[in-house]
Amino acid sequence: METNSEYQSRMDGYRNENLAKDKPFEEMFKELLDEFEVFYIRESKRFTITEDKHRCYFMDFYIPYYNIDIEIDGKPHEVSEKQKGIDKTKTRYLKNQKDILTVRVPNDKVEEMYKKRVIDWNFVFQDISKEELIDREHTYIAKTRSWKKEFSRLGVDTEKPIFLYYTCTDHFYHFDNILELRRSLHLKCGKVIYYIDYEFKSVRAQYFISWDKEILKNRVIDWKKKYKK
């Protein structure tokens, strides 16, 4: 019988295969997210393990800031009853077990936004009720108060801008303050502080964080020279 670690390793292989596939409309949406500095995780995994089976769901674009999965859908998602059933099961699981809301954007809408170089958030969020968005925002406001106290206790300025480089997207992000960054990364406050100006000495780096954008860029350049040859 396959162990949990073996299963997760196999799912990592599937994720890499998904990322390697030619998906032009997902690439279009990725470009838009990068252009507007929206932090996301591509093909993010969520596992559920029951007594008799493992199950893994991959999300096209997981946006941690809103705890939302954005799925880019082609024709099979519209016409295939089997695919519709899979989509419904996945949406229900993510909502009930992980509190992740799922939104679906058809290929033609992605292409339209790509040509206009805009992200139509009203369209993207159209299937989410205002009540759900308000409840979610209130939850984060409460968490933010707690994070602010924690950062202040540690002597961290919670007002000034901070910058992030995420190796999985090869992109730089600007945040108005460390609270916004904390909300996007889903890392504990202490871990966020740990990564600030941390000097990575291996290729297995994920987050580069700094208060200074130019310093951050130079650190990333040096890291790539040493470990990304």
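The values are calculated or read from the model by the stated rules, or taken from the named source; none is laboratory data. Just so you know, these numbers come straight off a predicted model, no measurement behind them. Neighbour counts are summed over all protein chains in view; Cβ atoms, including those assigned to glycine, are modelled from backbone coordinates with ideal geometry. All accessible areas refer to the heavy atoms of the entire protein, side chains included, with ligands and DNA or RNA removed. Shrake-Rupley method; radii C 1.70, N 1.55, O 1.52, S 1.80 Å.
Quick notes on this structure:
- Residue within the stretch 220-227 that is within 22 Å of GLU37 (Cα to Cα), surrounded by 12 or more Cβ atoms within 10 Å (Cβ to Cβ) and of a type outside the set (Val, Ile, Thr) present: yes
- Test: residue in the stretch 62-78 that is of a type in the set (Asp, Glu), assigned to a strand (DSSP E or B), open to solvent by less than 50 Å² (accessible area, probe 1.4 Å) and at pLDDT 90 or above: yes
- Of all the residues in the stretch 117-142, those that are part of a helix (DSSP H, G or I), of a type in the set (A, V, I, L, M, F, W, C) and farther than 16 Å from LEU179 by Cα number 5.
- One residue alone among ILE193, ILE215 is modelled with pLDDT of 90 or more, closer than 20 Å to TYR65 by Cβ and among the aliphatic types (A, V, I, L, M), and that residue is ILE193.
- If you check VAL110, VAL156 for being touching a Phe, Trp or Tyr at 6+ places or on another chain (Cβ under 8 Å) and either on the phi < 0 side of the Ramachandran plot or assigned to a helix (DSSP H, G or I) (or both), only one passes: VAL110.
- Filtered residues of the stretch 202-219 (kept if over 14 Å from the mean Cα position of the chain (by Cα) and buried (at least 16 other Cβ atoms within 10 Å of the Cβ)): ALA205, PHE208, ILE209, SER210, LEU216, ARG219
- In this structure, ASP135 does not satisfy being within 18 Å of the chain's Cα centre (by Cα) and open to solvent by 70 Å² or more (accessible area, probe 1.4 Å).
- Filter result for the condition that a residue is more than 30 Å from ILE162 (Cα to Cα), surrounded by fewer than 14 Cβ atoms within 10 Å (Cβ to Cβ), acidic (Asp, Glu) and at pLDDT 60 or above, over GLU2, GLU35, GLU81, GLU31: GLU81
- Residue match in the stretch 162-179 (condition: assigned to a strand (DSSP E or B) and of a type in the set (Val, Ile, Thr)): yes
- The set of residues in the stretch 168-201 being of a type in the set (Ser, Thr, Tyr), closer than 24 Å to GLU31 by Cα and surrounded by fewer than 18 Cβ atoms within 10 Å (Cβ to Cβ) consists of THR169 alone.
- Residue list for the stretch 93-107, restricted to those being part of a helix (DSSP H, G or I) and open to solvent by 70 Å² or more (accessible area, probe 1.4 Å): LYS95, ASN96, GLN97, LYS98
- Odd one out for TRP121, checked against (1) of a type in the set (Phe, Trp, Tyr); (2) open to solvent by 60 Å² or more (accessible area, probe 1.4 Å); (3) touching an Asp or Glu at 6+ places or on another chain (Cβ under 9 Å): (3)
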